[in-house]
Amino acid sequence: MEILHSKIIGQGKPLLILHGLLGMGDNWITLGRQYAERGFEVHLVDQRNHGKSFHDEDMSYEDLTEDLYHYVQAHEIEQFDLIGHSMGGKTAMFFALQYPELLHKIIIVDIAPKAYLPHHHFIFDTIKKIDLNKFSSRQQIEEFVMQYINSPAIVKFILKNLARDENKAFVWKANMSVLSESLEEIGEALPPMQVSRVPALFVKAVNSPYILPKDFSLIRAHFPNADIVTISQSGHWVHAEKPVVFFEKTLNFLKA
């Protein structure tokens, strides 16, 4: 059984953080340090097929849930708080249904329990166009990708997945082929009628379509002990766009 890679910061009550699609635990390093300063042992976890964690052909939420279970068992964590963004938020929700006794509180960042149609094809279509062997610098790759994706923020986010192998050649950290083929699974809804009473905070970004007002009733059907907060002037990566407000709202919930 392979155990997920993580970076652990601080001492105190365990707080695990799960990134979204094409992310990695290191995306949360700044906020992670802030939580650590407030008395948490923060685990910045790379989910399977991401970051420095193992690659595998399977990418279901059942697999991601079991990965997290084996991680907490390996680290001898009896109970913990859990933050999950986007895909990581879905993992957190599935985990809360399966293993509620291991959780103290969960924070779900800009994702609802509903199904999402695959909508990242444009990213993976662009990635498939990149022949990493033809480039000698990260800047060259960035300029190439910008021809297809006219968003510097998204391009920089994607290219955080670049690394160099022992021969100094560019490689992807993420398992791009499996992720590309798993977009339907990654959009999966929670099973109907299943309920978790773990205290939950759902964070909605005002300028993001991922959580809509009509989703609030579904959230509370699955998580009757859920609070829902909105953060203004923010998009889907709300924790990166509004880190001060995000930290304040989430810390207040965790410490309450």
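Taken together, the values in this text are just the output of simple stated rules run on the coordinates, not laboratory data. These figures come from a predicted structure and were not determined experimentally. With ideal geometry, Cβ positions are generated from the backbone for all residues, glycine too; neighbour counts draw on all protein chains shown.
Values for this structure:
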item	result
20 Å Cα-Cα threshold exceeded, pairs from 105/242; 160/249; 129/156; 7/204	105/242; 160/249; 7/204
Alpha carbon Rg of segment 1-153, scaled by the compact-globule rule 2.2 N^0.38 Å	1.14
Under 20 Å from the Cα of residue 214 - aspartates and glutamates, other chains or at least 8 residues apart	110, 188, 227
Per-pair calculated FRET efficiency, R0 = 22 Å: residue 2 and residue 168 via Cβ, rounded to 0.05	0.25
Inter-label distance for residue 125 and residue 181, nm, one decimal - labels placed 7 Å from Cα along Cα-to-Cβ	2.1
Translational D in µm²/s for segment 103-155 (Stokes-Einstein at 37 °C, 0.692 mPa s, Kirkwood Rh from C-alpha pairs)	236
Approximate spin-label separation residue 70-residue 139, in nm, with each point projected 7 Å along Cα-to-Cβ	4.3
For the chain, share of DSSP beta bridges that run antiparallel, in % to the nearest 5	20
Peptides ranked, highest mean first, by Cβ atoms within 10 Å: ranges 74-87, 103-116	103-116, 74-87
Total charge dipole magnitude, the chain, about the Cα centre, Cβ charges on Lys, Arg, Asp, Glu only, Debye to nearest 20	960
Bins of 10 Å from zero: percent of alpha-carbon pairs in segment 37-83	22, 53, 22, 3
Global size of segment 121-181 as Cα Rg and Dmax, reported in angstrom	11.1, 32
Estimated 222 nm signal from helices in the chain, with DSSP H stretches of n ≥ 4 weighted -39500 (n - 2.57), rounded to 500	-10500 deg cm²/dmol
Of 53, 180, 151, the one that fluctuates the most in a GNM where the chain has Cα springs shorter than 10 Å	151
All-pairs alpha carbon distance profile, the chain, 10 Å steps from 0, percent	7, 31, 37, 20, 5, 0
Residue 11 versus residue 194: modelled label distance in nm, points set 7 Å from Cα along the beta carbon direction	3.8
Coil-residue trypsin sites (Lys or Arg not before Pro) of segment 121-227, DSSP, other Cβ within 10 Å capped at 13	168, 197
